[in-house]
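Reading through the structure tokens given below for one structure.
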Amino acid sequence: MTGTAAGVRNVVAAVVACAVGLLLLSPAPGAEAVGAAGPGRVGSPVPREFTELRAVDRTILQEMRYTTEHSFVGAPVDGYREPVCVLTRPAAMALHRAQVRLLRRGYALKVYDCYRPQRAVDHFVRWAKDLADERMKAEFYPRVDKARLFADGYIAERSGHSRGSTVDVTLVRLPAAPTRPYVPGEPLVDCAAPKEQRFPDNSVDMGTGFDCFDTLSHTDDPRVRGAARVNRDLLRGVLAAEGFVNLPEEWWHFTYRPEPFPETYFDFPVERLRDRPVPGPPIRSWQAPGRAR
């Protein structure tokens, strides 16, 4: 090979290497770069380890609350573009196995929330700091001073949901009756009131509604008896058999262990996974002090 040819080859190789390097360092279109707005924002395509729950099990019911106005925030939450449950594949497969067990007993699982982007957690934090916004207090936290939501652990600056293996879930007796939609502005009822008085939900009685900021939501609260106690124990027992660990303060909150991403908090939006990503650069992670809700 002549010296001129070798020189041209070296120049071309350098240009290609530079272009590849720029692609690896650049976030995908619409994604935030790592560290662009604080640690933990992973600006990469959706990892291949994530899947839509419906791709694994179409029988699990989905009522994705945070795309609607029926939540403690009272408005659609940042980052929830479509009402779909997205999870890491191991967590989705474990939910499927639990669903098979429950179907034999005449029950189905229903999820309220699955993967949660960090931008949604940030929305919760901003809402909690706005003490003037109490439009949903009468339903979701009637006995809690909003100024204490952080101190009492109801709101945190990071969430296990953002790691992709945590799910908010309940039980529905089959055949499942539909749940009527929430009408913004309708009268609100205490989430800890008797089931027949609370906002209608086709879930079995769990003692409180979902996202109820009240000690009655603690899974083992001794005041929860009768059918609600049986239902909580059934849900926890079936999920525990498939590797899920319950958060003691919330009867609906379960995390699959071992987590594929135990220290990584993602920020891609919740929407249909229409295109699977190609392998990209290694995912960076962060770990902050304190409890993740």
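Things worth noting here:
- Note that region 40-90 presents 38 Å² accessible area per residue, ligands and nucleic acids not counted, probe 1.4 Å.
- One quarter of the surface of the convex hull around the alpha-carbon atoms of region 226-277 equals 5.6 nm², the direction-averaged projected area.
- Summing Cβ point charges (Lys, Arg +1; Asp, Glu -1) relative to the Cα centre of region 93-135 gives a dipole of roughly 460 debye.
- For region 258-265, Karplus couplings with θ = phi - 60° (6.51, -1.76, 1.60), whole Hz, Gly/Pro x: x, 6, x, 10, x, 10, 10, 10
- Given charges at beta-carbon only (K, R positive; D, E negative), |dipole| of region 155-273 in Debye: 420
- 5 angstrom amide H check on Thr68, placed H, neighbours 5+ away: Val77
- Summed side-chain charge close to Pro222 - residues other than Pro222 whose Cβ falls under 15 Å, Lys, Arg +1, Asp, Glu -1: -1
- Near Lys137, once Lys and Arg are set to +1 and Asp and Glu to -1 for all other residues with Cβ below 11 Å from its Cβ, the sum equals -2.
- Neighbour-limited loop hits for GluC sites (Glu not before Pro), region 175-268 (at most 15 other Cβ within 10 Å; DSSP other than H, G, I, E, B): Glu196, Glu263
- Each Lys or Arg adds one and each Asp or Glu subtracts one; over the other residues with Cβ under 13 Å from the Cβ of Glu63, this totals -1.
The values are calculated or read from the model by the stated rules, or taken from the named source; none is laboratory data. Computed from a predicted structure; not experimentally measured. Backbone-built Cβ (ideal geometry, glycine too); neighbour counts: all protein chains shown. Just so you know, the surface numbers come from the protein's heavy atoms only, side chains and all, with ligands and any DNA or RNA stripped out. Shrake-Rupley method; radii C 1.70, N 1.55, O 1.52, S 1.80 Å.
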